[in-house]
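These notes concern the structure reproduced below.
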Amino acid sequence: MSIRQRRSTNQSKETQDNIHDNSVEAEEKKNPSSASTLSGRLLTGTANLANLLPTGTLLAFQILTPVFTNNGACDSVTRLLTLLLLILLSLSCFLASFTDTVKASDGRVYHGIATLKGFWLFDYSEGTLPELSKYKLRLIDFVHALLSVLVFFAVALRDNNVLMCYYPQPRHETKEVLDIVPVGVGFLCSLLFLVFPTTRHGVGYPLAPAAPN
């Protein structure tokens, strides 16, 4: 075979390889892999974790955490105070899962907490109320309360001030755990919230529109 024929053959092979590579890249852009799609959904779900928490509790966390942790520069006292703050806020998330709202005949909305026998209202004054026995405690309420606490700690462990307070210089293995575990827990809790939705509209959560009769 002549030198010209060899060069022509090599050039044609290189052209075919370039065309193949370009087609593969175009196909990947057009149809992203399932792994990248799953990763995108995972990050989106993690970013929306705050929507599963009471607004007041989340706001208190965002405002008080920098103060209690001294912007991440904790000593023994502020570390203890930060732990107490996280416990109190997680307790708030737990109790908020048992709260609900009812609408009276005059259109006023009342808040209360579910009990074993029915529903205890905080600020009821007057007006005809719906049957309160259907608002009593159920097993799903405890499941949602536990999930809310897990979601809160998943959000807390993604906060830089909290991490700097308890793990200012984490080892490589510790850093991997802190990066992976909160995301995994948050994703699983988000999935369970979708599989087992709640009908309650607790204090701090948005009130859904009333269903038509």
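For the stretch 126-200, which trypsin sites (Lys or Arg not before Pro) are in a loop by DSSP, counting at most 11 other Cβ atoms within 10 Å?
Details: sites: 134, 136, 138, 158, 171, 175, 200; in loops: 136, 138, 158, 171, 200.
Sites meeting the loop and neighbour criteria: 171.
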Task: Cβ-derived FRET efficiency at R0 30 Å, residue 80 paired with residue 139, nearest 0.05 - done: 0.30
Open item on the list: For the stretch 83-179, which GluC sites (Glu not before Pro) pass both filters: DSSP loop (anything but H, G, I, E, B) and at most 12 other C-beta atoms within 10 Å?
Closed with: 126, 131
Task: Fewest-first sequence of 82, 198, 174 by Cβ atoms within 10 Å of each Cβ - done: 174, 198, 82
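Taken together, the values in this text are just the output of simple stated rules run on the coordinates, not laboratory data. Please read all numbers here as calculations on a predicted model, not as lab measurements. Methodologically, a virtual Cβ is constructed for each residue, glycine included, from the backbone with ideal geometry; neighbour enumeration extends over all protein chains shown.
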